[in-house]
Amino acid sequence: MSLFEKLQQVTSEEDVKDAYIKALGLKGYSKNLIDIQTKEIWFEAKDNSRISTYAMFTQLMHYVQDALNKGDYIPPFLVVIDTQKAAIMKSEDVLPFLAKKTIKWGKSASNYTQEALDAISAHIGTHFVSFKIETHEEEFISTIKDAIKN
């Protein structure tokens, strides 16, 4: 069964995470506030396709900003995933922007402000590559595996 077919049967965000973990062959991952963390990639996952790629990246950027503020490790890649789509971006493309600390974040990653969404969206628009899982599943999987390997 393809990743896309499995994603059409999910009933929770955990199911989405597990489907992608298996399809990508992830090892050495953890599931915490950041939905899936590996040394190379942080993932934000959703169990439907109603939330935009921009909104998912905004939520993920909240965690990146927090790590940046604390001087913690930030992986080379950031990925958002749901039941229909996925997107990948290099962390280096957003770190200088986040280092300015000009975004007014909400109380939590999922409670971001419209201002944060607008600011992140304007900045990342040309920095991520998006995949429609139904038609570009293999390309997405190989892109992620290459990102991890290299």
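Observations, loosely collected:
- Carbon/sulfur fraction of accessible area - the stretch 12-70, other protein chains in place, 1.4 Å, %: 48 percent
- Residue-normalised accessible area of the stretch 30-150, given per residue in Å² at a 1.4 Å probe: 50 Å²
- DSSP finds beta bridges in the chain, and of those with both partners inside it, around 70 percent are antiparallel.
- Packing around the peptides 141-150, 45-54, taken as the average count of other Cβ atoms within 10 Å per residue, puts them in this order, highest first: 45-54, 141-150.
- All other residues whose Cβ lies under 15 angstrom from that of Met89 are scored, Lys and Arg at +1 and Asp and Glu at -1, for a net of -3.
- Considering all C-alpha pairs of the stretch 6-150, those separated by over 18 Å amount to 53%.
- Hull volume in cubic angstrom per residue (convex hull over the Cα atoms of the stretch 111-150): 115 Å³
- Over the stretch 29-79, the ratio between the Cα radius of gyration and 2.2 N^0.38 Å evaluates to 1.11.
- Overall form of the stretch 44-116 per C-alpha gyration tensor (a/c, 1.5; a/b vs b/c): oblate
- Note on Leu95 and Tyr29: their simple-model spin labels are 2.3 nm apart, each label 7 Å out from Cα toward Cβ.
The values are calculated or read from the model by the stated rules, or taken from the named source; none is laboratory data. Keep in mind the model is a prediction, meaning the values are calculated, not measured. Don't worry about glycine lacking a Cβ; one is built from the backbone with ideal geometry, like all the others, and counts go over all protein chains shown. Ligands, DNA and RNA are excluded from the accessible area calculation, which covers all protein heavy atoms including side chains. Shrake-Rupley method; radii C 1.70, N 1.55, O 1.52, S 1.80 Å.
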